[in-house]
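The values are calculated or read from the model by the stated rules, or taken from the named source; none is laboratory data. The structure displayed is predicted, hence computed values, not measured ones. Positions of Cβ are backbone-derived with ideal geometry, glycine not excepted, and every protein chain shown enters the neighbour counts.
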Amino acid sequence: MNAEIGHFALILAFAVAVFQMTVPFIGAARGWTGWIESARPAALAQFGLIAISFVALTLAFVNSDFSVRLVYENSHTAKPMIYKISGVWGNHEGSMLLWVMILALFGAAAAVFDVHLPPRLRARVLSVQGAIGAAFLAFILFTSNPFLRLENAPFDGRDLNPLLQDPGLAFHPPFLYLGYVGLSMAFSFAVAALIEGRVDAAWARWVRPWTLAAWIFLTIGIALGSWWAYYELGWGGFWFWDPVENASFMPWLLAGALLHSAIVVEKREVLKSWTILLAIMAFGFSLIGTFIVRSGVITSVHSFANDPKRGVFILAILAVFVGGALVLYSFRAGAMQSKSAFSPVSREGALVLNNILLAVAAFVVFIGTIWPLVAEMLWDRKLSVGPPFFEKAFTPFMIVLALVLPLGAILPWKRGRLEKVLPSLRAPLVLALAVAGLVYALSTGNSALAVIGAALGSWLIVGAAMDLWLRTGKSGLQRLWRLPRADWGKAISHAGLGVTFIGVSLLMAWQVEDIRVAQVGETFNVGGYDITLESVEGRPGPNYDATIARMSVTRNGQSVAVLYPEKRLYPVQGMPTTEAAIQNGLFRDLYLVIGDPQKGGGWAVRSYVKPFASWIWLGAFFMALGGLVSLSDRRYRVAAGARSGLAPLAGPAE
């Protein structure tokens, strides 16, 4: 019965989404108050109905209702409860239901919290949200129904993909979807502004919190996925430039550009048309990511589905919404030109350069991602674009971005002079050069990666601190703690990027790797650590059989750690997984992997010493934390309403 309730609620949600798409839109165009106000209850009703549907599907998984085909294909009675719940979104149909529920959640949040929005603008924003919801609800109902029944209920299920039975992967997709779908709010605000033909500082103040929230969720989701790949897959890496990894990274880059561009609109009311375009493209790349994951046109280990018919449906949604928005943009862009001017040497100029770097970097990632598909379609050639291309093509833009961020943060608005601001950055420059010298002295190879990355990371960290200090004027520490939270958030996020720069560069430059066949009782040296394979034994798990090795690590005769890497076999799917054993440290990780037994005796063993690996995710944590601190700034909640009277967006479309 739960499945039927969930299916019926989904059908009702589709009907409400169609209502939300049309009635408030017509009301805003005609000035009919009752129709305008209908947007808020419609948004709340749509979320409530989809939430009922999602709860019904979750109960089917929790109760192991194998008469529901989706539960049969993605669950098992022996599976731990956390993975029964995460199995709800560990598949195509369930993940799409989560996707559309989050979309409705953002619409409901806008209906509840954006009380200062002019009614017509709010109606148009929620109408666009309703249109997106209607499109994806139709996609679910007609191509990906999660509530289909089996005629004869099996005794047990096929189990969830073993790679997804991990805490990191239990939380990684929801955070990614919160980021992907959160960008729909920026898109809806952009389309609503295009319909009204007007963008001003108040609009930028309204759109920034939604974009910032989406960027925060994307940051957390990408970091969780990277951390999962690091400790679960056993290959020792944290990023492989896989198409699905890139699908989340491109919107993150464009959302970062949108955040910085919206600041310029808010402060100076310039870059209006560019900001609107970024809002459209950021959500557009989120839809492209959905297409990549679910169409099967690009091969990836992360793909949910391989159904071209579903891919065509998503492609049609992408064409209608992004194509329609771009057509509307082409008609309205001329009306959003600003008459204000600024010098290239100014904060506006630095933010423009920031935008160009992030946008071009996203475009480079996009080209590298789709090039194999283009080559196959046009020339019938099988090509593979891997990490070497992305590292060489993408890295230069990040280097320039790191150089610009501290300088742009302290430049004045409208017009500045380098000779006046550069002395303020003398301390960050000196420290960055000192760190570069230290890293160079410690380096044993010829790679410049460690030196450049450490210098740029230090430059970002100390530059962010200097930006805060300069904002205190002569008041010193007394003024420092009273700075707006948005200023603190910006500094923390920029410093977090610097921490990640240091972690990535030092890990890639200084990592020590050893792959060998080791006998039980054998001791070998890796990077100055003596590692002994003491024993290997089998143990049963809840729904898998594990081979666990005991490996002791010493250095200079002193015990460092005893680690237990595992090799697991999930009998239901007959699939093995690798569970790396990692001793995490602030300045280095010890990373051990046990492989298969060898014919001549012994076991395949991979060992790594990974300097500064934890700094990669520590930096991501600080970036997300900085976003949260900025989001808590009171000005985001009340000032937009106060300023809206200066330049109201409400009014009939021209």
Checking GLY197, GLY234 in turn, the sole residue that is modelled with pLDDT under 85, over 13 Å from the mean Cα position of the chain (by Cα) and more than 26 Å from VAL265 (Cβ to Cβ) turns out to be GLY234
Filtering region 572-613 down to residues that are surrounded by fewer than 20 Cβ atoms within 10 Å (Cβ to Cβ) and either part of a loop (DSSP other than H, G, I, E, B) or not assigned by TED's automatic domain parsing to the domain that holds TYR529 (or both) yields VAL572, GLN573, GLY574, ASN584, GLY585, LEU586, PHE587, GLN598, LYS599, GLY600, GLY601, GLY602
Subset of region 19-63, residues out of contact with any helix residue (DSSP H, G or I) (no Cβ under 7 Å at 6 or more places or on another chain) and closer than 30 Å to LEU160 by Cβ, comes to GLY48, VAL55, ASN63
With criteria (1) small (Gly, Ala, Ser); (2) buried (at least 22 other Cβ atoms within 10 Å of the Cβ); (3) under 18 Å from VAL345 (Cβ atoms), ALA454 comes up short on (3)
Filter result for ARG381 (touching a helix residue (DSSP H, G or I) at 6+ places or on another chain (Cβ under 9 Å), within 18 Å of VAL264 (Cα to Cα) and in the same structural domain as LEU194 (by TED's automatic domain parsing)):
no
Of the candidates ASP166, ASP156, the one satisfying the condition of being surrounded by fewer than 22 Cβ atoms within 10 Å (Cβ to Cβ) and either touching an Asp or Glu at 6+ places or on another chain (Cβ under 6 Å) or at pLDDT 95 or above (or both) is ASP166
Take TRP617 and tell me if it is within 30 Å of SER443 (Cα to Cα) and surrounded by fewer than 22 Cβ atoms within 10 Å (Cβ to Cβ). yes
(Q) One residue is enough: does region 443-461 have a residue meeting the conditions touching a residue at least 60 places away in the same chain (Cβ under 8 Å), in a helix (DSSP H, G or I) and touching a Gly at 6+ places or on another chain (Cβ under 9 Å)? (A) no
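Residue-wise test of (1) touching a Pro at 6+ places or on another chain (Cβ under 8 Å); (2) touching a residue at least 40 places away in the same chain (Cβ under 8 Å); (3) among the aliphatic types (A, V, I, L, M); (4) surrounded by fewer than 24 Cβ atoms within 10 Å (Cβ to Cβ).
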{"position": "ALA170", "(1), (2), (3), (4)": "no, yes, yes, yes"}
{"position": "TYR177", "(1), (2), (3), (4)": "no, yes, no, no"}
{"position": "MET185", "(1), (2), (3), (4)": "no, yes, yes, no"}
{"position": "SER188", "(1), (2), (3), (4)": "no, yes, no, no"}
{"position": "TRP215", "(1), (2), (3), (4)": "no, yes, no, no"}
{"position": "TRP228", "(1), (2), (3), (4)": "no, yes, no, yes"}
Checking ALA546, ALA580, ALA604, ALA561 in turn, the sole residue that is of a type outside the set (Ser, Thr, Tyr) and touching a helix residue (DSSP H, G or I) at 6+ places or on another chain (Cβ under 9 Å) turns out to be ALA580
Going through (1) assigned to a helix (DSSP H, G or I); (2) farther than 25 Å from GLN511 by Cα; (3) not hydroxyl-bearing (Ser, Thr, Tyr) one by one, GLY437 fails only at (2)
Considering region 46-88, residues that are closer than 24 Å to PHE106 by Cβ and hydroxyl-bearing (Ser, Thr, Tyr), and then whichever is surrounded by the most Cβ atoms within 10 Å (Cβ to Cβ), we arrive at SER53
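Residue-by-condition table, conditions (1) acidic (Asp, Glu); (2) assigned by TED's automatic domain parsing to the domain that holds ASN543; (3) under 30 Å from PHE113 (Cα atoms); (4) in contact with a strand residue (DSSP E or B) (Cβ under 6 Å, 6 or more places away or on another chain):
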position	(1), (2), (3), (4)
ALA15	no, no, yes, no
GLY31	no, no, yes, no
GLY34	no, no, yes, no
LEU44	no, no, yes, no
SER53	no, no, yes, no
LEU57	no, no, yes, no
SER67	no, no, no, yes
LEU70	no, no, no, no
TRP89	no, no, yes, no
Residue under question is ARG479, and the condition is that it be under 37 Å from the mean Cα position of the chain (by Cα), basic (Lys, Arg), surrounded by fewer than 20 Cβ atoms within 10 Å (Cβ to Cβ) and not in a strand (DSSP E or B); does it hold? yes
* Yes/no for PHE106 being crowded, with 23+ Cβ neighbours inside 10 Å and within 27 Å of ASP65 (Cα to Cα) -> no
For region 405-427 the number of residues that are surrounded by fewer than 16 Cβ atoms within 10 Å (Cβ to Cβ) and free of Cβ contacts under 8 Å to residues at least 60 places away in the same chain is 6
Qualifying residue in region 242-264 (condition: touching a residue at least 24 places away in the same chain (Cβ under 8 Å), within 20 Å of LYS392 (Cα to Cα) and not in a helix (DSSP H, G or I)): yes
When every residue in region 6-45 that is hydroxyl-bearing (Ser, Thr, Tyr) and assigned to a helix (DSSP H, G or I) is compared, the one surrounded by the most Cβ atoms within 10 Å (Cβ to Cβ) is THR22
